[in-house]
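The values are calculated or read from the model by the stated rules, or taken from the named source; none is laboratory data. Not measured: the values here are computed from a predicted model. In this analysis, Cβ positions are derived from the backbone assuming ideal geometry, glycine residues included, and neighbour counts consider all displayed protein chains.
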Amino acid sequence: MFNTLSGRFFILTVVFVMLAEVLIFVPSVARFRQDYLNARLERAQIASLALEAEHMISTELEAELLATAEVYNVVLRRDEVRQLMLSSPIPQSVLTTYDLRDPSAYDLIRDAILCLIDPRENVIRVLGTPVRSAGVMIEVTMSSTGLRIAMMDYGLRVLWLSAAISIFTAVLLFWAVRQALVLPIRSVVNHMQSYANAPEDARRIITPNARLRELREAQDAMQSMQIELTGALKQKERLAQLGGAVAKISHDLRNILTSAQLFTNRIEASEDPIVARLATKLVRSISRAVNLCETTLVYGRAEEPVPTLEMVKVAGLIEDVLEGENLASEGEIAYDMVVTADLELQADPEQLYRVVSNLCRNARQALQSTHRGGVITVSGGEDLTHWWVMVEDDGPGLPKRAQENLFTAFQGGTTKGGSGLGLVISAELVRGHGGSLMLEKTDALGTIFSIRLPKENN
């Protein structure tokens, strides 16, 4: 119960109502103390009036009057004359004096609290104004024990009443909140659970029906989310089917390529140079088609594993990449590496190799498209917070369309027949390291890509 919304609301209601009652309790006890002392002053004045009427009273009657008034002494002042009306022995000296003629709220509350927390039997003096203008001031001496007992009895009754009121209020609020808030929220949760069991079933999409504005807005947002998710799941299913179809097409194209290569070996033996040249182009076209299908299939089904971080020698990794690219370019492109031999960074070596290799391959293909050669420079370094690797070329730069869709699948390709998936996958791999892959510059003088990896995990 205490881990539910309604249960915690119930507890908080009880606590806050009790807090409010406590704030009421202290002034109430202070007012009760003031009334109690004023009552003793009135009794003492009545007793003194009996003395004035009889002029002379016996010792037994005087003691009875003092006992009735619950005081030790009664002093009445008229016209600057202070007269001891009734008296009896005082067990101890007077501890303090309380003036009730014009007390402040602070003084009343303070004196009430001090009286409650002091368990000793003290003798106190109380000053007040006589009723019906019977004098200037009346003064009594009394014990604090009876006052404290009466205050504690009154306080306990107030506390019990406060507790009963708070519990009753909490129960009512508990029921009201449960009906108005908890049950509608539970209904929304039930809808969410039902939808989670079969998200493809459009019948399980929630229908907003809440009367509360906030809850209705939540239901509307959930309905929109469920509609979008259901559509996305259907799209995912279709993409999965498409992926299976691509796999079959790729297999068929691979068989076609094999057959085409066999035919090409015979066609290339032809004495007609045009036939031999066209046969080679035919094989290259089919190879690109197969590669496109395979790349698309890998992107659609692959989930990159979590990178296994270790310290990687940057120079060695870049040398491996450039060695492969140099073989692919057949000496048409120059390669330069600007990295210190001792530079190390924290990354997954296989994934980082794929990213750098993809950037270098893109740069090589851009330079090869110009048929004029060029230079590809790979540099690396570090600052206080990051490691960085840059791949720079002096090629023609990226087309405007490629820049606008640089990291968008199937739209950011820069070469004819390309899918644009290389940069998308590379960016995902770098983000998996907590870093970023950015296009720093591209114009007629060349293109620069940068890889930045954070050092906080080091």
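Condition first: within 60 Å of the chain's Cα centre (by Cα), basic (Lys, Arg) and in a helix (DSSP H, G or I). Now tell me which residues in the stretch 120-169 satisfy that.
148, 157
Select from the stretch 334-363 the residues that are over 17 Å from residue 429 (Cα atoms) and part of a loop (DSSP other than H, G, I, E, B) and list them in ascending order.
339, 340, 341, 342, 343
Kindly indicate whether residue 306 is modelled with pLDDT of 90 or more and either within 27 Å of residue 383 (Cβ to Cβ) or in a helix (DSSP H, G or I) (or both).
It is false that residue 306 is modelled with pLDDT of 90 or more and either within 27 Å of residue 383 (Cβ to Cβ) or in a helix (DSSP H, G or I) (or both).
Give me a count of the residues in the stretch 426-450 that are under 31 Å from the mean Cα position of the chain (by Cα), among the hydrophobic types (A, V, I, L, M, F, W, C) and surrounded by 18 or more Cβ atoms within 10 Å (Cβ to Cβ).
Number of matching residues: 4.
Has the stretch 350-357 got any residue that is at negative phi, of a type in the set (Ser, Thr, Tyr) and modelled with pLDDT under 85?
Filtering the stretch 350-357 for residues at negative phi gives 350-357.
Add one more test, that the residue is of a type in the set (Ser, Thr, Tyr), and what stays is 353, 357.
Retained after the next criterion (residues that are modelled with pLDDT under 85): none.
No, that holds for no residue.
Which one is modelled with the lowest pLDDT, of the residues in the stretch 203-223 that are touching a helix residue (DSSP H, G or I) at 6+ places or on another chain (Cβ under 6 Å) and farther than 24 Å from residue 11 by Cα? Before you say what the answer is, go through the steps one by one.
Of all residues in the stretch 203-223, those touching a helix residue (DSSP H, G or I) at 6+ places or on another chain (Cβ under 6 Å) come to 204-206, 208, 210, 215.
Next cut, farther than 24 Å from residue 11 by Cα only: 204-206, 208, 210.
Details: 204: 79, 205: 81, 206: 82, 208: 83, 210: 75.
By that ranking, first place goes to 210.
Taking the conditions exactly as written (under 60 Å from the mean Cα position of the chain (by Cα), small (Gly, Ala, Ser) and at pLDDT 80 or above), does residue 88 satisfy them or not?
no
Being surrounded by 15 or more Cβ atoms within 10 Å (Cβ to Cβ) and among the aliphatic types (A, V, I, L, M) is the filter; apply it to the stretch 321-337 and report the residue that is nearest to residue 394 (Cα to Cα).
Once the filter is applied, the top-ranked residue is 333.
Exactly one of (1) modelled with pLDDT under 85; (2) in a helix (DSSP H, G or I) is unmet by residue 109. Its number?
(1)
Would you check which residues across the stretch 319-333 are part of a helix (DSSP H, G or I) and touching a helix residue (DSSP H, G or I) at 6+ places or on another chain (Cβ under 6 Å) and list them? Quick ask: steps written out before the conclusion?
Initial filter on the stretch 319-333 (part of a helix (DSSP H, G or I)): 319-329.
321, 325, 329, listed by residue number.
Right, residue 406: among the aliphatic types (A, V, I, L, M) and either surrounded by fewer than 20 Cβ atoms within 10 Å (Cβ to Cβ) or modelled with pLDDT of 85 or more (or both) or not?
no
Restricting to the stretch 447-458, count the residues that are at pLDDT 90 or above and farther than 17 Å from residue 380 by Cβ. Explain how you work it out, then say what you get.
Of the stretch 447-458, the ones at pLDDT 90 or above are 447-454.
If we keep only those that are farther than 17 Å from residue 380 by Cβ as well, we get 447.
Total satisfying the criteria: 1.
Scan the stretch 205-213 and give yes if some residue there is part of a helix (DSSP H, G or I) and surrounded by 11 or more Cβ atoms within 10 Å (Cβ to Cβ), otherwise no.
Narrowing the stretch 205-213 to residues part of a helix (DSSP H, G or I): 213.
Now restrict to residues that are surrounded by 11 or more Cβ atoms within 10 Å (Cβ to Cβ): none.
No, there is no match, as no residue in the stretch 205-213 is part of a helix (DSSP H, G or I) and surrounded by 11 or more Cβ atoms within 10 Å (Cβ to Cβ).
Within the stretch 361-370, identify whether any single residue is buried (at least 21 other Cβ atoms within 10 Å of the Cβ) and in contact with a Leu (Cβ under 7 Å, 6 or more places away or on another chain), and answer yes or no.
No - not one qualifying residue is present in the stretch 361-370.
With the structure loaded, tell me whether residue 227 is part of a helix (DSSP H, G or I), in contact (Cβ under 8 Å) with a residue 40 or more places away in the chain, surrounded by 12 or more Cβ atoms within 10 Å (Cβ to Cβ) and not assigned by TED's automatic domain parsing to the domain that holds residue 17 or whether it fails that test.
Spelling it out, it is not the case that residue 227 is part of a helix (DSSP H, G or I), in contact (Cβ under 8 Å) with a residue 40 or more places away in the chain, surrounded by 12 or more Cβ atoms within 10 Å (Cβ to Cβ) and not assigned by TED's automatic domain parsing to the domain that holds residue 17.
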